[in-house]
Amino acid sequence: SQKIEQNSEALNIQEGKTATLTCNYTNYSPAYLQWYRQDPGRGPVFLLLIRENEKEKRKERLKVTFDTTLKQSLFHITASQPADSATYLCALESGNTGKLIFGQGTTLQVKP
Amino acid sequence: DTEVTQTPKHLVMGMTNKKSLKCEQHMGHRAMYWYKQKAKKPPELMFVYSYEKLSINESVPSRFSPECPNSSLLNLHLHALQPEDSALYLCASGVVEAGSNTGELFFGEGSRLTVL
């Protein structure tokens, strides 16, 4: 069966450290993978998209990697701040269907 | 600020009521989506409209009825809902080509629905 798994439901780190979140998928062959941030009671906000032919993508303090052999994406936040505390969702399109499917999310708590 | 506007932000309805959720975007996106999100769960896809035509219905019960009157508007009509339908309903829009989402989705802030 098809699965998208984010390995940790919750991640607690100290301010200034690098947070690393993991997204693994099974029985998908996505052309790209996306990461979103969601704050409580609000809609998800797009952060980064990485395509299957890209190994790494960066945006300010954010970095995403995509390994299609391992079927895994890693999402890094460097020099983390308490304002980075939120739930982070990975998402990919199922086939060529237009369906964007989300992982269950990892809730990051950055402590001052 | 989100460029996808959803109304109302909160809705409380009884099981016999009929109500509607509304969504509007002016980014020229031709794909619009309804997602349902329960507490501490990821968004679950309900419907996709592509070029104002329903392209995906994820086996959603008929008490939820979507409508796309034009390329900027998306409605979700609600009738005879159950308490377990209480959730955050999220609208999103995006670019679509050849039936495939080509990139990011822009989400609204959601409509928090409570069914009594």
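The values are calculated or read from the model by the stated rules, or taken from the named source; none is laboratory data. Predicted, not measured: the structure shown is a model, and the values here were computed from it. Methodologically, a virtual Cβ is constructed for each residue, glycine included, from the backbone with ideal geometry; neighbour enumeration extends over all protein chains shown. In case anyone asks, the SASA skips ligands and DNA or RNA and just uses the protein heavy atoms, side chains included. Shrake-Rupley method; radii C 1.70, N 1.55, O 1.52, S 1.80 Å.
Data for the structure
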quantity: Accessible carbon and sulfur surface of the stretch A:1-60 relative to its total accessible area, %, 1.4 Å; calculated: 40
quantity: The protein assembly as shown, dipole about Cα centre (Lys/Arg Cβ +1, Asp/Glu Cβ -1), debye to the nearest 20; calculated: 300
quantity: Å² per residue, accessible surface of the stretch B:4-115 at 1.4 Å; calculated: 46
quantity: Fraction of antiparallel bridges per DSSP, chain A only, in percent to nearest 5; calculated: 90
quantity: Interface B:A - total buried accessible surface [probe 1.4 Å, Å², rounded to 100]; calculated: 1700
quantity: Where chain A is the region considered: accessible area per residue in Å², 1.4 Å probe; calculated: 50
quantity: Shielding score for B:41-53, defined as the mean number of other chain Cβ atoms within 10 Å; calculated: 3
quantity: Dipole of the stretch B:4-115 [Lys/Arg +1, Asp/Glu -1 at C-beta], most positive-end residue of B:Asn70, B:Asn17, B:Ile56; calculated: B:Asn17
quantity: Over 18 Å between alpha carbons, listed pairs A:Lys17/A:Lys63; A:Lys3/A:Lys63; A:Lys3/A:Lys71; calculated: A:Lys3/A:Lys63
quantity: Inter-part distance where the stretch B:9-52 and the stretch A:21-49 are each reduced to a Cα centre, Å; calculated: 19
quantity: Dipole in debye (nearest 20) - the stretch B:1-41, about Cα centre, beta carbon charges: Lys, Arg +1; Asp, Glu -1; calculated: 380
quantity: Magnitude of the charge dipole, chain A, Cβ model with Lys/Arg +1 and Asp/Glu -1, debye to 20; calculated: 140
quantity: Per-residue average of Cβ from other chains inside 10 Å of A:34-47; calculated: 5
